[in-house]
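The values are calculated or read from the model by the stated rules, or taken from the named source; none is laboratory data. Since this is a predicted model, take the numbers as computed values, not measurements. We place every Cβ from the backbone using ideal geometry, glycine too, and count neighbours over all the protein chains shown. Surface areas here come from the heavy atoms of the whole protein model, side chains and all, with no ligands, DNA or RNA. Shrake-Rupley method; radii C 1.70, N 1.55, O 1.52, S 1.80 Å.
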Amino acid sequence: MEDGTQHLAHCMVDMKELSANPEGLTAAGVILTPKLPQVEFSLACNDLVASGRDRKPNALVQVSVIDPHKQHLVSHACTEIVEANKDPLFLTGVTFPSEYPASPETLVKLTVYDAKDKSQESSSLLGSATFSVGDLLKAKDERLTLSLRSSDGVCTAGTVVVSRLKMGEMEEVDVDHITTDIPSQKCPLVCESASHACVDRENPLTGPVFKNPVCKVYRFQTVDSKWMLVREQMEECTLSFSIPKQLLSLYIQEDMSRVQDLRELGDLSPHWDNLRKEVMTRYGETISSYQETLAELDKVTGRSFKPSCCKAQKSLEFIPINLHTQRMRVTCPRKTDACYDIVTVGAPAAHFQGFKCGGLQRLLSRYEGEKKSFSTAYQCIYYSPEHTAKAQEVLSTMSLLQPLITSLADQLLQAAQERSSTGLRDALKSLSDKTENLVHTLKDELVKSALLALHAAQPGYVSKNQKQTAVQGGQHKGHIHQGSEQNQSPVQELPGHSPATLVTESIVVCNNVEGSQTTTKGESVSFPLKHQDSIPHHKEYDEEEWDRAWANVAKCLTCVIAMVDKLLEDDNSKQEPVPEQQLADVITSHNLGEWREQLCPPVTRLKECVMEVVEKAKKAMTFVLLQEAACSIPQGFLLQQRRDVVFSQALAALACGFIMKLYAGIQDKGFLRQLHLVGMVAQFESLLSTYSEEIGMLEDMETGISDLQRVMFKITEAKTDDLGDLQPLVCGRRDHFTVEVPLPRLFFQNLPEEIKEGKPLRVFPVLFNVGINEQQTIAERFGDISLQERINQKNFEILEAYYKSLSEKVPLECLPCFQTQTDIKELLETLGQNVITKKRKNVEILWIAGTICRRLNGIRFTSCKSAKDRTSMSVTLEQCALLRDEHQLNKDFFIRALDCMRREGCRIENVQKNIRCRKYAFNILQLMAFPKCYRPPEGTYGKVDS
């Protein structure tokens, strides 16, 4: 729960500030101009007359706005249905946020209907009334009582009371007047209060990445007969498209770089060269496909979310489904405002590619099992996922450290040029640290064994113990198969880092196979050869050469350190007092460039040695990845594309949630301290079933959420407060991405020093899944739910470890305060018990995990297939549970509040945005299998295309 004052542009801005600056102002990157203050009003009716005199009406009010230019009605809002009541008081209010183009002259038409059924498809008109916004603002007590005129304009069908919403207290009366017949004069709706300004002072404003807000307002009664004001605000997020587009560009750059690295491997034997060509072709196909997708996305304008009906569209497969933020703001008498945020998104999954063979988790597991047989077929060395990840890590580390070391070496020489002792010491310390990091990276045994493997894969290489076999193999065609069999034993098992002898034996056979897989007998294949100086040809490989190479880097660094120490020592000895004339002679005799001249040779040698070892190690790691890619054809490339798609959707959602949370807590010192000391938990709630296609979706989602562990966030200072300079930027490569979040200078300056200095901020993603639909019923009774059980158990352990780390590093006072004082440790124990309990549709797992997330200052996400139907049920249930537990919502109002939010709240608007229909995609038979609290109100569901 965040304090209501702790918001950035995404939330609210004081209207007094706007009126004080009629020319408009800039705050947090949003250009604000004077607008009509936010207008919110409640509705009630008195003495309604139903069409049948012997019954009480089921009333609802349709609110429309009369367009002054086009002179036609535009539907704006609708209340819930209040059954069998001639004096209904509606809990659903009407809001005109500051973004809405309303003015005092705006005309509002209220039309009251008697609904024959809850679907509202059959209803009769009772009457209507019209007023202007200006009339309401100028009215005494900002309250209007209007007569309802029937369609013929003659008969009076009762009255409608329009009251501008203000914070206040309910008089001490029986709350049953809401659903029973009590004279209206005994039941004033809201009494005036000194806290009235707390509603009017604020207006919802969109920030740099949030747009198209949908606002709803309600009033609900508390247990002590007071009224709380509840606002929902749902917004789209521009990151839905911008993050995937940036990722696509990075994927393309990374694959193009990989192709260039493969080219620079130089001469390879025909077998390996043909494998290289095939791998490069596959990379080229991926690059071409991603470029085409990026071009299609660049054509999309004006959209900031992907509707659920487009989930399987090829050109939009990288875009998250139906990504929205939702904020519930609660205002209570004599209490601080509270906000509760949640991000809703369709399960990150490769819908276009389908789920016939399962999702990523299953496909990757099967692929790793089959890769060994692929390595035999392609005569490659089998590298485990750990080896491949290590090779990518070494490449990434070298790409960062080499330019950094070169830059620091130049800084050292510049400090020497200026004879700056302090600059010399600082530059030397940084240079030493980075060079030592590089040496540590290069000492890995994988680099050494891969260098030997690369040497053995070059033309003409023959080891001592294979010379005779190789000669005979060139004379007899049948020896090819024998060589393949020989290749199997050392290739198949590479425990830890492969011994050099095994690598040599496994590759030599490939080099001496006559021709290759794509060369027929009698054909001669020639390739342009590039001379390799770094690795010797046609001679036995010196295995100690690599050890000497990285050791030389350490020796060169030692020489540089010694030279700097000598220069500083000499300089100190010359600081002794001397006569003025002698001092002048000393200054003349020592040229300012003397230090640089002495330091230049060892520094130059260091840079050369670093360049040499990096070039060798880069080729070695590229060769490891070549073999991994060759074993992966074609399945590995298809899986990587699927993983890219799923990760893109997941990262867009995570970045959206991170920024929303950052904006809300930008002034919360405890939150910011937690953020840089430990990081933030991101809890994904999933409602997918473990049956049929949704198993594949869940397997995709599990891998995508897990891959988010490779993401770091960094907060930067924006160049300007323009919206374009406040957009997040993604950088990095597949094994590690960083999302840079720019903040306006005003906010950036108040951040902790660690964050301002660019400290990477971690996020801990966790996923909990409980299926709730009829397919989950089948899975629980006749199928298999082990996937769900394993996911929940694994992620419970991650959440538990996060809490342990948090409690060790951050005082618990930094965490938000809640009315429910249950200890987090106790909540974790309860969650752990529920995770291992065999219970059908145990939604308590989701409830407890969500509670823990909010208590830990985390980011909440809720997902189902499309984030539209089951997600809406979950979000509204969570909001009402928060009102009950944290704001004392009257128990008699719980179901009514739930129905109001589901029938007329932001979630039904979300359904409308996705499928152009205000119906949740459920049928009555499906809902019979749902837990009762996840069932929508009657009349809000039906068979629709979702």
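List, in the order given, every pair from LYS669/LYS809; LYS311/LYS356; LYS434/LYS555; LYS429/LYS618; LYS616/LYS759 whose Cα-Cα distance in the structure shown is over 20 Å. Correct reply: LYS429/LYS618; LYS616/LYS759. Remark: for residue pairs LYS891/LYS913; LYS211/LYS868; LYS245/LYS306; LYS109/LYS913, the C-alpha separation exceeds 21 Å in LYS891/LYS913; LYS109/LYS913. Using the empirical formula 2.2 N^0.38 Å as the baseline, the Cα radius of gyration of the stretch 806-928 reaches a ratio of 1.23.
Here the relative contact order of the stretch 40-165, from alpha carbon pairs under 8 Å that lie six or more residues apart, stands at 29 percent.
A Förster radius of 56 Å combined with the Cβ-Cβ distance from LYS669 to ALA84 puts the calculated FRET efficiency at roughly 0.60. Accessible area per residue for the stretch 40-165, computed on protein heavy atoms with a 1.4 Å probe, is 44 Å². When both bridge partners sit in the stretch 629-774, DSSP labels roughly 35% of those beta bridges antiparallel.
Restriction of the trypsin sites (Lys or Arg not before Pro) in the stretch 103-139 to DSSP coil positions whose beta-carbon has at most 16 other beta-carbons within 10 angstrom yields LYS116. The trypsin sites (Lys or Arg not before Pro) found in the stretch 662-741 that occupy coil by DSSP, while having at most 11 further C-beta atoms within 10 Å, are LYS719. Taken one residue at a time, the phi angles of the stretch 699-706 give Karplus couplings (6.51, -1.76, 1.60, θ = phi - 60°) of 5, 4, 5, 4, 5, x, 5, 4 Hz. Gly and Pro are set to x. Placing R0 at 45 angstrom, the Cβ-Cβ distance between ARG790 and GLU569 gives a FRET efficiency of 0.10 after rounding to 0.05.
Taken per residue, the accessible surface of the stretch 597-743 reaches 29 Å², heavy atoms only and a 1.4 Å probe. With semi-axes defined as the square roots of five times the eigenvalues of the C-alpha gyration tensor, the equivalent ellipsoid of the stretch 40-165 measures 24, 15, 14 Å, largest first. Residues SER288, SER124 ordered from highest to lowest accessible area at a 1.4 Å probe: SER288, SER124.
Could you calculate the FRET efficiency of LYS211 with GLN709 from 1/(1 + (r/R0)^6), where r is the beta carbon distance between them and R0 is 25 Å, rounded to 0.05? After rounding to 0.05, the efficiency reads 0.25. Which of the three applies to the stretch 340-438, rounded, prolate or oblate, going by the alpha-carbon gyration tensor with a ≥ b ≥ c and a/c under 1.5 meaning rounded? Oblate.
Rolling a 1.4 angstrom probe over the stretch 763-809 with all protein chains present gives an accessible area of which 52% lies on carbon and sulfur atoms. Label-to-label distance, THR301 versus GLU938, with points set 7 angstrom from Cα along the beta-carbon direction: 5.0 nm. Taking the accessible area of the stretch 40-165, probe 1.4 Å, and keeping the other protein chains in place, the carbon and sulfur fraction comes to 49%.
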